[in-house]
Amino acid sequence: TMAHSKALLVLENFIAGKFVPCSSYIDSYDPSTGDVYCRVPDSGKEEVEAAVKAAKAAFPIWSSKSPLERSQILNKLADLIEHDLEAFAQAESKDQGKTITFARTVDIPRAVYNFRFFASSILHHTTECTEMATMGCVHYTSRAPVGVAGLISPWNLPLYLLTWKIAPAIACGNTVVAKPSEMTSVTAWMMCRLLEKAGVPHGVVNIVFGTGPKAGEALVCHPDVLLISFTGSTMTAQRIMEKSAPYCKRLSLELGGKNPAIIFDDADLSQCIPTTLRSSFANQGEICLCTSRIFVQRGIYSEFLEKFVAEAKKWKVGNPSDPTVNMGALISKEHLEKVRSYVKKAQAEGARILCGEGVDSLTLPPRNQKGYFMLPTVIAEVKDESCCMQEEIFGPVTCVVVFDTEEEVIERANSVKYGLAATVWSSNVGRVHRVARRLQSGLVWTNCWLVRDLNLPFGGMKASGIGREGAKDSYEFFTEVKTITIKH
């Protein structure tokens, strides 16, 4: 009813520095209650067309600014987001279902840092030069922004991953049309309200809200969008590759993972257990870098399992705004069903569910009864061929299996289509280096997890994606290089 919709938050597209209403809208839910709490534009070709036009028009002015001028604007935007950190954290938690603690300590600070990081790194790139004295020639390279960048970000770390794309794109002098996930659009819309104050010229950052098949597809298929940076599922990425092939677009794709943790019998379990709990269940397990296959060497298998399950059972699941909870709600009803279905499949295959889904009861506050909650779930005795060990579940489910030798575990860890991240636990330095070299994984953490230096390449192998992002890598992706030869 109209009376009902008045109370809802209604988002609008942000095009050429103005908020523009849309002809149709979709519902966005509060995952912790199951209620509709927001209306998001259901944009399509027309809206994308207007946004690309605005981005194209803004390109000459923005790209001709010096790196220092752009850097100052990015820093100002970072300051403005940081000033509103609490409001952004509250919005992210409500919209996504993650705990307020996680949004406050991870998502929003990292979004701020993304702008500061690229504001700094853009000032320190140099180009190459070579001389050919015998030919009387000197060669050098020059880098220029590409044009209009299409940025498509997912629902698990909404502002964090959107800014990880916007910051390098505009730092390099491109203009952008971004499409956040329709399930988590609120913080992107809040950021739009700060752009003018930060000094971002109209049309440099345009945000079009809507679904992948409609708004995303229109963006990917637009002939004036020369590059696409996408974070999301491998299936969607295949479609992006097909659709952008006729235009030979430049692509950066950060996709899923089926990330192993390899725990040798000389691991320090006092560090390993709390970190592996986080790497399995942080953000409801909805992080592409989460651990979902835990290989434990036979000598410590039963000790690890006992301690790990005991600690997992202590995790508190509930209202995301409660600062004492460890885990909030999953993103949607459909996603919760999907994650649960994997647990049912494991059970049907004869695996043991040691805690969580279907084993322990979950008690929720009255207003969260209809929310999309699930307990941290640990599965043992599951076969490597099982879909639970092969497919990305993207929820609070992890499988623990036993191994004997280093050789064997490397082969098993590599036997999935993905290759994003891996963790290795051992106090033997030689072994750590040997194993890290042989894992088919874009990132390997040893005796830690999710410690990131944004200077270094981020990305995956195999079905986990194409390209890398980071200080140098993002600069290379978001600029076009030219080699110039001068004969003197």
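The values are calculated or read from the model by the stated rules, or taken from the named source; none is laboratory data. As the structure is a prediction and not an experimental result, all values here were calculated from the model. Don't worry about glycine lacking a Cβ; one is built from the backbone with ideal geometry, like all the others, and counts go over all protein chains shown. With ligands, DNA and RNA removed, areas are computed over all heavy atoms of the protein, side chains included. Shrake-Rupley method; radii C 1.70, N 1.55, O 1.52, S 1.80 Å.
Observations on the model:
- Answer residue from region 209-233, given it is in a helix (DSSP H, G or I) and under 19 Å from Cys248 (Cα atoms) and is most open to solvent (accessible area, probe 1.4 Å) among those: Glu217
- Residue match in region 410-419 (condition: touching a residue at least 12 places away in the same chain (Cβ under 8 Å) and touching a Cys at 6+ places or on another chain (Cβ under 6 Å)): no
- Selected residue [open to solvent by less than 40 Å² (accessible area, probe 1.4 Å) and at pLDDT below 95] from Ser5, Ser43, Ser93: Ser5
- Counting only residues that are out of contact with any strand residue (DSSP E or B) (no Cβ under 8 Å at 6 or more places or on another chain) and open to solvent by less than 50 Å² (accessible area, probe 1.4 Å), region 451-465 holds 1 of them.
- The residue list Arg468, Arg437, Arg431 contains one member that is in contact (Cβ under 8 Å) with a residue 24 or more places away in the chain and either within 30 Å of His139 (Cβ to Cβ) or open to solvent by 70 Å² or more (accessible area, probe 1.4 Å) (or both), which is Arg468.
- Selection within region 304-346 - open to solvent by 80 Å² or more (accessible area, probe 1.4 Å) and in a helix (DSSP H, G or I): Glu306, Lys307, Lys333, Glu334, Glu337, Lys338, Lys344, Lys345
- Of the strands (runs of 3 or more DSSP E) that lie entirely inside region 101-208, those containing 1 or more residues that are open to solvent by 40 Å² or more (accessible area, probe 1.4 Å) and among the hydroxyl-bearing types (Ser, Thr, Tyr) span 129-132, 137-145.
- One residue from Gly299, Gly285, Gly257 being small (Gly, Ala, Ser) and in contact with a Pro (Cβ under 7 Å, 6 or more places away or on another chain): Gly285
- Filter result (open to solvent by 60 Å² or more (accessible area, probe 1.4 Å) and in a helix (DSSP H, G or I)) within region 402-416: Glu407, Glu411
- Of all residues in region 259-279, those satisfying the criterion of being over 28 Å from Ile331 (Cα atoms) and open to solvent by 10 Å² or more (accessible area, probe 1.4 Å) are Asp265, Asp266, Ala267, Asp268, Leu269, Ser270, Gln271.
- Against the numbered list (1) open to solvent by less than 80 Å² (accessible area, probe 1.4 Å); (2) outside any helix (DSSP H, G or I); (3) assigned by the TED database to the domain that holds Cys399, Ala282 comes up short only at (2).
- Applying the condition of being open to solvent by 20 Å² or more (accessible area, probe 1.4 Å) and of a type in the set (Ser, Thr, Tyr) to region 471-488 and asking which residue is farthest from Asn414 (Cα to Cα) yields Thr485.
- Per the conditions (1) in contact with a helix residue (DSSP H, G or I) (Cβ under 7 Å, 6 or more places away or on another chain); (2) under 30 Å from Pro320 (Cβ atoms), the sole criterion not satisfied by Leu251 is (2).
- For region 417-452, filtered to residues that are of a type in the set (S, T, N, Q) and assigned to a strand (DSSP E or B), the residue that is farthest from the chain's Cα centre (by Cα) is Thr446.
- Apart from one condition, Ala351 fits all of (1) of a type outside the set (Lys, Arg); (2) open to solvent by 70 Å² or more (accessible area, probe 1.4 Å); (3) more than 24 Å from the chain's Cα centre (by Cα); the exception is (2).
- Verdict on Ser24 being in contact with a helix residue (DSSP H, G or I) (Cβ under 7 Å, 6 or more places away or on another chain) and in contact (Cβ under 8 Å) with a residue 12 or more places away in the chain: no
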